[in-house]
1. Looking at the stretch 13-44 only, could you name the residues that are under 17 Å from residue 132 (Cα atoms) and touching a residue at least 40 places away in the same chain (Cβ under 8 Å)?
2. Filtering the stretch 1-34 down to residues that are of a type in the set (A, V, I, L, M) and part of a loop (DSSP other than H, G, I, E, B), which residue is nearest to residue 60 (Cα to Cα)?
3. Does any residue of the stretch 450-468 turn out to be among the hydroxyl-bearing types (Ser, Thr, Tyr) and surrounded by fewer than 20 Cβ atoms within 10 Å (Cβ to Cβ)?
4. Among the residues of the stretch 354-373, which ones are in a loop (DSSP other than H, G, I, E, B) and either in contact with a strand residue (DSSP E or B) (Cβ under 8 Å, 6 or more places away or on another chain) or not assigned by TED's automatic domain parsing to the domain that holds residue 533 (or both)?
5. Please go through (1) more than 28 Å from residue 63 (Cβ to Cβ); (2) surrounded by fewer than 22 Cβ atoms within 10 Å (Cβ to Cβ); (3) of a type outside the set (Phe, Trp, Tyr) for residue 304 and return the number of the only condition it doesn't satisfy.
6. Would you mention how many residues in the stretch 23-47 are in contact with a helix residue (DSSP H, G or I) (Cβ under 9 Å, 6 or more places away or on another chain) and either at pLDDT 95 or above or among the basic types (Lys, Arg) (or both)?
7. For the condition of a type in the set (A, V, I, L, M, F, W, C) and more than 30 Å from residue 240 (Cα to Cα), what is the one hit in 31, 83?
8. Return the total of residues in the stretch 530-557 being within 21 Å of residue 421 (Cβ to Cβ) and basic (Lys, Arg).
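The values are calculated or read from the model by the stated rules, or taken from the named source; none is laboratory data. All of these numbers come straight from a predicted model, not from anything done at the bench. Glycine also receives a Cβ, built like all others from the backbone with ideal geometry; neighbour counts cover every protein chain displayed.
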Amino acid sequence: MQRENLQAYYIPGTGPHISEYLPACWKTREFISGFTGSFGEVVITERNAILWTDSRYFIQAGEELAGSGFEMFKLRVADAKPFDDWLIENFPRGSRVGVYPHHISVNTHKNLLNKLSASGIELVLTPDLLDEVWEGRPKLPDNEVFELEKKYAGVSRVDKLDKISQIINQQGADIQVVAALDDLAWAFNLRGSDIEYNPVFIGYGVIGSDIKALFVEKKKLPVTLSEKMEREGIKIYGYDELTGFLKGLKDQKILIDPQLTNVAICEACSVNNKVVEKQSVPLALKAVKNNVELEGFREAMQKDGVALVEFLYWLRQNLGKEAITEYIVGKKLKQFRAAQEGFVGESFPPIVGYKSHGAIVHLSVDEASAFKIGPEGLLLFDSGGHYLHGTTDITRTIALGGLTGQQKRDFTLVLKGMIALSEAKFPYGTKGCHLDILARKALWSHGLNYGHGTGHGVGHFLSVHEGPMSIRQDYNEHPIVPGMVVSNEPGLYRTGEYGIRIENILLCIEKEDTGFGRFLGFETLTLCPIDTTAIDTKLLSRQEKNWVNNYHKVVRGKLKNLLSDELNLFLAGITKDVE
């Protein structure tokens with residue numbers, strides 16, 4: 001920093017593809033701070049080292065940063081001061097703030113540049129300073145890429161690329177640079193394993209009427225797959241050849257998504273061409289699932305449901321008889337899923353929180369830090385699987401023994417919010433921020449709340465967190481439309497006591513067309529019992545009780561032929577009607 005004459009260095013905590021989850025070589029935030037969560041921004045100055053993160057990680061970050069010299073500042077809470085405001089308050093005019101252009105999106109850079117320059121602070125693009133101090137930095141992964149067959153994808157690669165090209169032209173551009181890894185995997189019907197829990201591979205795409213190109217380390221592609229793609233008119237380049245390729249283009253209108261594309265790529269596009277900043281075409285297309293993808297989701301949910309009933313039965317049979325920890329629960333969840341045909345891997349690290357650990361929203365335990373689980377209190381487990389035909393994400397909170405009145409009330413208020421969103425009926429064009437209140441109303445009425453979003457998109461055998469839509473209090477311009485698959489996961493967390501979250505996956509569907517417009521709603525895809533012993537039934541309306549009973553009837557019906565007689569009896573016993 002002294003050599004570059006920098007007073008501060010900003011580390012956004014992402015990589016060249018602006019991804020939430022990263023291979024080890026791009027985990028710059030974790031390397032510099034020791035914080036292992038999936039969201040956070042870092043600023044290093046001569047006297048300070050600060051991490052900004054949100055409520056999912058307040059407890060975890062506090063523990064991981066203890067004794068490191070790092071401070072934690074909170075985001076997305078009242079009176080939060082983001083890093084750029086802190087910089088403006090703490091540095092005089094003429095100060096220089098550095099950032100590596102490969103690890104910052106065009107939008108973030110533009111907003112930061114405007115804000116800092118208005119206060120006389122210069123934002124400087126620098127080399128990767130961490131690379132000079134990171135001894136033994138891991139290499140880029142080189143795992144093999146494989147094809148997702150049309151029977152799972154529903155549409156061939158050629159047809160997808162042609163449709164993308166047509167839309168790019170309609171958007172006033174000649175080509176698009178596809179930088180987001182899940183957009184790339186979806187567009188080319190390819191999958192990989194370069195990033196843990198994400199079936200993606202590291203690469204870029206360039207798509208247009210006259211060119212379809214994939215930029216990836218060539219040794220990652222099996223020869224037969226390379227040859228097949230070349231017969232389809234797709235050119236294969238090395239991963240590092242993208243910027244040279246873009247600089248070599250002339251008089252092209254190049255579409256980039258400024259939220260998903262880094263500054264270095266944008267600069268390469270700008271050399272001899274015009275940049276068109278618009279939303280990534282594959283991002284919008286992949287958010288609306290086709291019929292084959294939706295049937296795949298339903299099949300994946302059935303398999304997940306079987307695995308979860310087997311897990312619940314195992315827990316019921318063994319709790320108190322053998323040593324069970326949060327870590328063992330996570331392993332068992334994976335074991336039961338792995339027995340299902342088509343299982344590829346977990347869709348994120350399992351979050352298993354017993355008693356006070358349940359209040360840590362994105363908890364990750366190892367053998368040493370895991371709590372031992374006993375026959376009392378609340379156990380929260382949030383987990384998911386990738387199957388060739390779909391991705392799952394589910395949270396359940398279960399009572400392992402008698403609960404207090406407060407615990408039952410809290411559980412029931414969370415459940416009421418989950419039911420309210422599940423039953424939502426809304427006009428076409430409604431955005432996620434308009435629906436978010438439904439999941440929070442019961443909690444708000446008791447002066448309670450949760451700090452995370454209520455719902456995120458879910459990819460089809462892809463990233464478990466998928467845009468562009470979301471259901472949260474923050475404004476998001478993208479409406480929820482038919483074919484979108486989203487999570488529904490209200491929660492409540494009492495630090496040092498317990499946490500509660502109940503999550504199902506929903507599919508947006510058409511409901512009816514009236515003289516007042518087109519109305520939409522949700523179909524619940526997840527198939528797993530909800531713990532009725534944790535419910536304070538006095539707080540549920542007749543309609544809400546009917547929802548629980550009807551949901552359990554669907555779960556029993558969809559899983560009946562996939563479970564043994566013993567497991568069907570067990571399932572029937574834990575899903576008796578709520579009266």
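1. If the condition is that a residue be under 17 Å from residue 132 (Cα atoms) and touching a residue at least 40 places away in the same chain (Cβ under 8 Å), then 15, 24, 25, 26, 28, 31, 32, 44 are the ones that fit.
2. The selected residue is 22.
3. No, the stretch 450-468 has no match at all.
4. Hits for the stretch 354-373 are 360, 361, 362, 363, 364, 365, 367, 370, 371, 373.
5. Checking residue 304 against (1) more than 28 Å from residue 63 (Cβ to Cβ); (2) surrounded by fewer than 22 Cβ atoms within 10 Å (Cβ to Cβ); (3) of a type outside the set (Phe, Trp, Tyr), the one that fails is (2).
6. Taking the stretch 23-47 and keeping what is in contact with a helix residue (DSSP H, G or I) (Cβ under 9 Å, 6 or more places away or on another chain), we get 24, 26, 28, 30-45.
Pick out the ones that are also either at pLDDT 95 or above or among the basic types (Lys, Arg) (or both) and you get 24, 26, 28, 30-35, 40-45.
Residues in the stretch 23-47 being in contact with a helix residue (DSSP H, G or I) (Cβ under 9 Å, 6 or more places away or on another chain) and either at pLDDT 95 or above or among the basic types (Lys, Arg) (or both): 15 in total.
7. On the way: 31 fails: more than 30 Å from residue 240 (Cα to Cα).
Unique residue meeting the criteria: 83.
8. Taking the stretch 530-557 as the starting set, the residues that turn out to be within 21 Å of residue 421 (Cβ to Cβ) are 530-532, 534-537, 539-555.
With the extra rule that they be basic (Lys, Arg), the set shrinks to 542, 545, 553.
Total satisfying the criteria: 3.
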